[in-house]
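The values are calculated or read from the model by the stated rules, or taken from the named source; none is laboratory data. All values reported here derive from a predicted model rather than from experimental measurement. Cβ atoms come from the backbone with ideal geometry, glycine included; neighbour counts cover every protein chain shown.
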Number of protein chains: 2
Amino acid sequence: MVELLSGRSGSMKIKYNLLHQDGKARYGTLETNHGTFETPMFMPVGTQATVKTLDCRELKEINSAVILANTYHLWLRPSEDIVNKAGGLHSFMNYDRPILTDSGGFQVFSLAKPKDITEEGVKFKSHLNGENLFLTPEKSIEIQNKLDSDIAMSFDECIPYPATYEYAKRSTERTLRWAIRGKNAFNNDNQSLFGIVQGGEYEDLRYWSAKELVKLDFDGYSIGGTSVGEDKETMYKMIDYAIKYLPSDKPRYLMGVGDPIDLFEGVMRGVDMFDCVHPTRLARHGHAFTLDGKINMKNAKYKEDFTSIDSECDCYCCKNYTKAYIRHLIVANETLGQRLLSIHNLRFLIKIMENIRKSIQNDRFLEYKGEFMNRYKIK
Amino acid sequence: MVELLSGRSGSMKIKYNLLHQDGKARYGTLETNHGTFETPMFMPVGTQATVKTLDCRELKEINSAVILANTYHLWLRPSEDIVNKAGGLHSFMNYDRPILTDSGGFQVFSLAKPKDITEEGVKFKSHLNGENLFLTPEKSIEIQNKLDSDIAMSFDECIPYPATYEYAKRSTERTLRWAIRGKNAFNNDNQSLFGIVQGGEYEDLRYWSAKELVKLDFDGYSIGGTSVGEDKETMYKMIDYAIKYLPSDKPRYLMGVGDPIDLFEGVMRGVDMFDCVHPTRLARHGHAFTLDGKINMKNAKYKEDFTSIDSECDCYCCKNYTKAYIRHLIVANETLGQRLLSIHNLRFLIKIMENIRKSIQNDRFLEYKGEFMNRYKIK
């Protein structure tokens, strides 16, 4: 397992160091208030201040660096004020490595319907109790400032895909105005702020969004929108467009993407950070990543399979438990099964990122990508 | 945390060593194929070859010694043959300390209705899929032999409470015949077999049951029946009756009892082993043991309580997490909350047993019992 480069650093904002490039693929380090970590990296998602089924010790064991928490969920429950009184998210959830919070925008647009978008912000109903809520760029930043994550996101509209050019343009322009308002409201010296490149599926809007954000000099840049994560070809083009005008000395974060193949495609295009609920959600449904593709642990053929999920994997699950036992736990609806698969699936992606980093440093990223792709079957 | 006395011993059957008595309270050791452990002890329940929400590393961290697994559940799923092919329960679930299996009797009588009891055995329907099943003393032993636990139980009828004298007598006599049949069918040199004292709520039947079982020279003796676990006064009397004629050189196991106060009452009467689903079930419902009684973590008063559940507790939960965070997890239905509370509740009982053992060794058991009772509020 790769060692972390260092512990808590003295800097207040994050600092990205580009150390090596292989094509557009970047190897670097990210200095944060909670240690320095290597990129490209995959970030597990801890929606409600917990990466579902795991604890922080297990996260460290799989070599997790930055994790993501959801502003929308934590705003609703337990509330940013309670987290703040606990001493911030790190203290609240007992995780001493970096935490990134999203803006709440994605959840507002996906979970909380109906919604009413105005220049001021978004009116919507809580998915928990139907309560009327109003989220603005300033409010999103205020919540994140209180959550005290290491990295906060600008409030944005996650443009639906497909969207008309007219809609995408209007939304992207408004998202930029929201980014400016959020930046002006920002008030936490220990926290960094990312701008989010939107623009829907339109090349010129992606360029425009990126260039305008860069003028505002954010600490890093995210690539967002539903056109990222729908069909693969569109996603890859959007990454190319979004990244073209981003500065090389700031980290780039592709939001909500974590399919193994997309990690390679993203890194190839210059992405440094990824997150996705996919590996833990798959785990809870009994699926496991392997180098030969995803497998469904409920399959009867594993009933008497007393080998580990992946003999080469160094995770706690693979070192200690057999497919037959994990199948039994999943079929019997025992949460330990979901936990063991979550550990494995996250470790699988984090291990890929470790290998990717090594391959970039050795100028053989495309070779490693080819080896992986040849074996991994999309299921 | 108390260290285990030793690792795997050479003996094939368990051996109980009575080392000190304080009144009827016994301090001793239990030598097993998977190490030697101190008694009195509390055994966590791992119904489906997993102590719900926990893994084996966590069990060791709370100083768990023997754990219990349920024959009925494992027979139905994944089946004793699969566990046997895995190399037995220890290997299947990756637990290298002793495992005790029950006979399936209790589950047949509680979960699987309707039932049809004959001299031969019990006909009933699976609680999973309604399949017609037939469990006999021989079959229960055969399953347990294959599961390869360290300690197996004789198949018994768990007499309802209340029961008429006539019913209790007939059932107790049949349970003895079943014990004999099970003993004759027993075929595992690495496993020990306990007889179960029944007799319902009737003093003379308890005496009779115990005396007859002792003639058969079991490796240990359990105290069973629904009259154990219903009203406290009856339970305590039944323990006294059942134990009166049990030999001092064999362990006594009070089945299905794990309320903190009952641990003290049982030990006071000479019980060495206890098990109960109570601590883990309470945990899954958001309740935690404290020295001042049980608390409900959903209570709003814990919203901003940034202290641990018990400042004196040495468990992973209390050392790392606050009430506010655990409350959040429980309210948000995150399984980590159930896990942390399961760790705490089990450690709470296991710690009580550690203290009880010390108090017996120091001839101050009743004093410690008094201190505990004075503080612990029954809720």
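List the strands (runs of 3 or more DSSP E) inside the range B:256-356, counting only whole elements, that have at least 3 residues being more than 14 Å from chain A (Cβ to nearest Cβ), closer than 20 Å to A:ILE82 by Cα and among the acidic types (Asp, Glu).
none
Please tell me if B:THR71 is within 30 Å of B:LYS319 (Cβ to Cβ), away from chain A (no Cβ under 14 Å), in contact (Cβ under 8 Å) with a residue 60 or more places away in the chain and within 17 Å of the chain's Cα centre (by Cα).
It is false that B:THR71 is within 30 Å of B:LYS319 (Cβ to Cβ), away from chain A (no Cβ under 14 Å), in contact (Cβ under 8 Å) with a residue 60 or more places away in the chain and within 17 Å of the chain's Cα centre (by Cα).
In the range B:174-230, which residues are in contact with a strand residue (DSSP E or B) (Cβ under 8 Å, 6 or more places away or on another chain) and among the β-branched types (Val, Ile, Thr)?
B:THR175, B:ILE196, B:VAL197, B:VAL214, B:ILE223, B:VAL228
Of all residues in the range B:24-55, which are within 17 Å of the chain's Cα centre (by Cα) and within 14 Å of another protein chain (Cβ to nearest Cβ)?
If the condition is that a residue be within 17 Å of the chain's Cα centre (by Cα) and within 14 Å of another protein chain (Cβ to nearest Cβ), then B:PRO44, B:VAL45, B:GLY46, B:THR47, B:GLN48, B:ALA49, B:THR50, B:VAL51, B:LYS52, B:LEU54 are the ones that fit.
Please state which of the following conditions A:ARG97 fails to meet, knowing it meets all the rest: (1) in a helix (DSSP H, G or I); (2) more than 9 Å from chain B (Cβ to nearest Cβ).
Status for A:ARG97: all satisfied but (1).
In the range A:350-379, how many are out of contact with any Asp or Glu (no Cβ under 9 Å at 6 or more places or on another chain) and closer than 15 Å to A:SER64 by Cβ?
2
Is it true that B:THR280 is on the phi < 0 side of the Ramachandran plot, surrounded by fewer than 17 Cβ atoms within 10 Å (Cβ to Cβ) and β-branched (Val, Ile, Thr)?
No, not satisfied.
Sort out which residues of the range B:170-194 are assigned to a helix (DSSP H, G or I), out of contact with any helix residue (DSSP H, G or I) (no Cβ under 6 Å at 6 or more places or on another chain) and not polar (S, T, N, Q), and write them in order of number.
B:ARG170, B:GLU173, B:ARG174, B:ARG177, B:ALA179, B:ILE180, B:LYS183
Please find, among B:ASN84, B:ASN17, the residue that is surrounded by fewer than 22 Cβ atoms within 10 Å (Cβ to Cβ) and out of contact with any helix residue (DSSP H, G or I) (no Cβ under 7 Å at 6 or more places or on another chain).
The unique qualifying residue is B:ASN17.
Under the condition of being without any contact (Cβ under 8 Å) to a residue 24 or more places away in the chain and under 13 Å from B:ARG339 (Cβ atoms), which residue from the range A:333-348 is surrounded by the most Cβ atoms within 10 Å (Cβ to Cβ)?
Among residues in the range A:333-348 that are without any contact (Cβ under 8 Å) to a residue 24 or more places away in the chain and under 13 Å from B:ARG339 (Cβ atoms), the one surrounded by the most Cβ atoms within 10 Å (Cβ to Cβ) is A:LEU336.
Could you check the range B:1-32 and list, in sequence order, the residues that are in a loop (DSSP other than H, G, I, E, B) and modelled with pLDDT of 95 or more?
B:ILE14, B:GLY23, B:LYS24
Which of (1) part of a loop (DSSP other than H, G, I, E, B); (2) over 22 Å from the mean Cα position of the chain (by Cα); (3) free of Cβ contacts under 8 Å to residues at least 40 places away in the same chain is the odd one out, the single condition A:GLU212 does not satisfy?
(1)
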